[in-house]
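The values are calculated or read from the model by the stated rules, or taken from the named source; none is laboratory data. What you see is a predicted model, and the numbers here were worked out from it, not measured in a lab. Note that each Cβ is placed from the backbone with ideal geometry, even for glycine, and that neighbours are counted across all protein chains shown.
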Amino acid sequence: MTGQPTSPALRVEGLWKVFGPRADRILGPPEADLDRATLKERTGCVAAVRDVSFEVAPGEVFVVMGLSGSGKSTLVRCLTRLIDPTAGAITVDGQDVVAASEAELRDLRRHRVSMVFQHFGLLPHRQVLDNVGYGLEVRGMKKGERHERARQLVDLVGLAGYEHSYPDQLSGGMQQRVGLARALANDPSILIFDEPFSALDPLIRRDMQDEVARLQAELHTTAVFVTHDLNEALRLGDRILIMRDGAVAQIGTPAEIVARPADDHVRDFVSSVPRSHVLTLEYVMRPPTPTDSLEGPALAADLVVRQAARIALASAHPVRVIRDGELVGIVDDDAILRVVVAEETPSA
Ligand code: ADP
Ligand code: MG
C-alpha cells in the first residue's frame, strides 16, 4: 500500500460525462439543472454522469449501484480514462488521472487498476494459465516466472487442475474466475468490477460473491464494484453509492442507507431488505440514562441486529452498546422486536 493510511485510494470530485455536441456547455446552469430527458430533447446531449464525488479508502469495497442506464459503466470507465470525463478530478493513490500522459495512463491500466467485466474477454485459443498470465506477458515477464505467478492465482480462485483447459471447456462461473485471476495477476491497487456476475445463474452468482468476499478478506484490495442488484450490493459493499440518472442519490453504509434513505426513491428501493440483516445496533439504540441497568451484555455498535437478537432477548437487562470502549447507547427488547417482528409480518 502506498501513501498515508488516511489518504484515499481513489478520489473523485465533481465528475461529469456528457455525451453529445458541445458537451462542456452543459456543465453550468441552466442546462446542468435539467433532468436527463429534457436535456436530451433541448440539446441532443446525454448527461451520463452528473457531478459525482466520492472517496474510497484503501481496502474498502465501494459499490456503485443503480438501474440500467444510470451511468455506472460510464463512471467507472472514466476512472482510468477509457472514457475521457467532460469535467472533474480523479486521483488514484494520489496521482492525478485527468492530467496523466498516455504513458502514465498505460502504466495505470497495466499495473495499478484492473477491471473485470461481465463479458470475460478471455482469449479463446489460450489455456487458462496463459489467459491469467496475459497481462504479465504484455509487461515482459519471462515465461517461467509468469507461469509460476499464474499458477498461484489459479489456485487462489479455486481453479487448480484447470491450468491447461481452454475457456470454452469451462462453465460461465469458472470463466469468470479466470477473469478474476487475470485481474489479480497485476497485483493492482484497485480492482474495478463492472457487473461481473450479471450473466451468471443465481446460485453461481452467490458463489462468486462469496469468492469476492473471501478474496477481499485475504488480499485487502481496494475495489469498486458495479451492480444493479441490491442484494449483491448489500452483501459486498462496505459502502454503497446509489446512482440515479447520472447523479448521486445517496452514499452510505448498508445500514445507513436502510435506516436513513435519502429520499423516497431510495426508501422504495430498499423497502424489501430484511432490516435485521442490515441494521446495526447504533441505528436502533437510544441514549443511555442514569437509571439504566449496567448489568446487561455489552455489544459492539456495528453488530447487526440479527446477530444481537438472541443475546439481547435472553438477557434480563438491556444491552449496553459499546463503541471505542465507551457506552454509547442502550438497546432493550422492544427495540430489537420492532426490527425483527416488522419483517416477519408477511406483507400482502
Ligand atoms: P449503466 O452502466 O448504469 O447501465 P451507462 O453508463 O452505460 O449506464 O449509460 C449511461 C447513459 O449514458 C445511458 O443513457 C446511455 O445511453 C448513455 N451513453 C453511454 N455511452 C454513450 C455514448 N458513447 N454515447 C452516447 N450516450 C451514451
Ligand atoms: Mg453498465
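Values as computed for the structure displayed
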item: Check on Val64, near ligand 1 (Cβ under 9 Å from one of its atoms), touching a Pro at 6+ places or on another chain (Cβ under 9 Å), assigned to a strand (DSSP E or B) and of a type in the set (A, V, I, L, M, F, W, C); result: no
item: Selected residue (only one of Val98, Val46 is within 15 Å of ligand 2 (Cβ to nearest atom), of a type outside the set (D, E, K, R) and more than 21 Å from the chain's Cα centre (by Cα)); result: Val46
item: Of residues in the range 1-37 being of a type in the set (Val, Ile, Thr) and either under 19 Å from Gln95 (Cβ atoms) or modelled with pLDDT under 90 (or both), the one surrounded by the fewest Cβ atoms within 10 Å (Cβ to Cβ); result: Thr6
item: Within the range 140-155, tally of residues that are under 28 Å from the mean Cα position of the chain (by Cα) and either in contact (Cβ under 8 Å) with a residue 60 or more places away in the chain or under 19 Å from Arg106 (Cβ atoms) (or both); result: 0
item: Single condition Val98 does not satisfy, out of (1) in a loop (DSSP other than H, G, I, E, B); (2) in contact (Cβ under 8 Å) with a residue 24 or more places away in the chain; (3) more than 21 Å from Val266 (Cβ to Cβ); result: (2)
item: Residue list for the range 212-222, filter: free of Cβ contacts under 8 Å to residues at least 12 places away in the same chain and either of a type in the set (Gly, Ala, Ser) or within 16 Å of ligand 2 (Cβ to nearest atom) (or both); result: Ala217
item: Close pairs from the range 184-211: first over 15 Å from Leu236 (Cα atoms), partner within 16 Å of ligand 1 (Cβ to nearest atom), Cβ under 7 Å, at least 6 apart; result: Ile190/Val224; Ala199/Gln118
item: Matching residues in the range 221-240 - criterion: being hydrophobic (A, V, I, L, M, F, W, C) and more than 12 Å from ligand 1 (Cβ to nearest atom); result: Ala223, Val224, Phe225, Leu230, Ala233, Leu234, Leu236, Ile240
item: Which numbered condition His119 fails, given (1) loosely packed, with under 14 Cβ neighbours inside 10 Å; (2) away from ligand 2 (no atom under 16 Å from the Cβ); result: (2)
item: Criterion: surrounded by 21 or more Cβ atoms within 10 Å (Cβ to Cβ) and either more than 10 Å from ligand 1 (Cβ to nearest atom) or in a loop (DSSP other than H, G, I, E, B) (or both) - qualifying residue of Ser53, Ser114; result: Ser114
item: Filter result (in contact with a Leu (Cβ under 6 Å, 6 or more places away or on another chain) and not in a loop (DSSP other than H, G, I, E, B)) within the range 300-332; result: Val305, Ala308, Val319, Arg320, Val321, Val331
item: Total residues in the range 185-219, condition small (Gly, Ala, Ser), in a loop (DSSP other than H, G, I, E, B) and surrounded by fewer than 17 Cβ atoms within 10 Å (Cβ to Cβ); result: 2
item: Given (1) in contact (Cβ under 8 Å) with a residue 60 or more places away in the chain; (2) away from ligand 1 (no atom under 11 Å from the Cβ); (3) farther than 22 Å from Thr253 by Cα; (4) surrounded by fewer than 22 Cβ atoms within 10 Å (Cβ to Cβ), number of the condition Ile83 does not satisfy; result: (2)
item: Checklist (1) within 21 Å of Ala259 (Cβ to Cβ); (2) exposed (fewer than 14 other Cβ atoms within 10 Å of the Cβ) applied to Thr291, failing item; result: (1)
item: Every pair of residues 6+ apart whose Cβ atoms lie under 8 Å, when the first sits in the range 65-77 and is of a type in the set (D, E, K, R) while the second is within 6 Å of ligand 1 (Cβ to nearest atom) and modelled with pLDDT of 95 or more; result: Lys72/Gly66
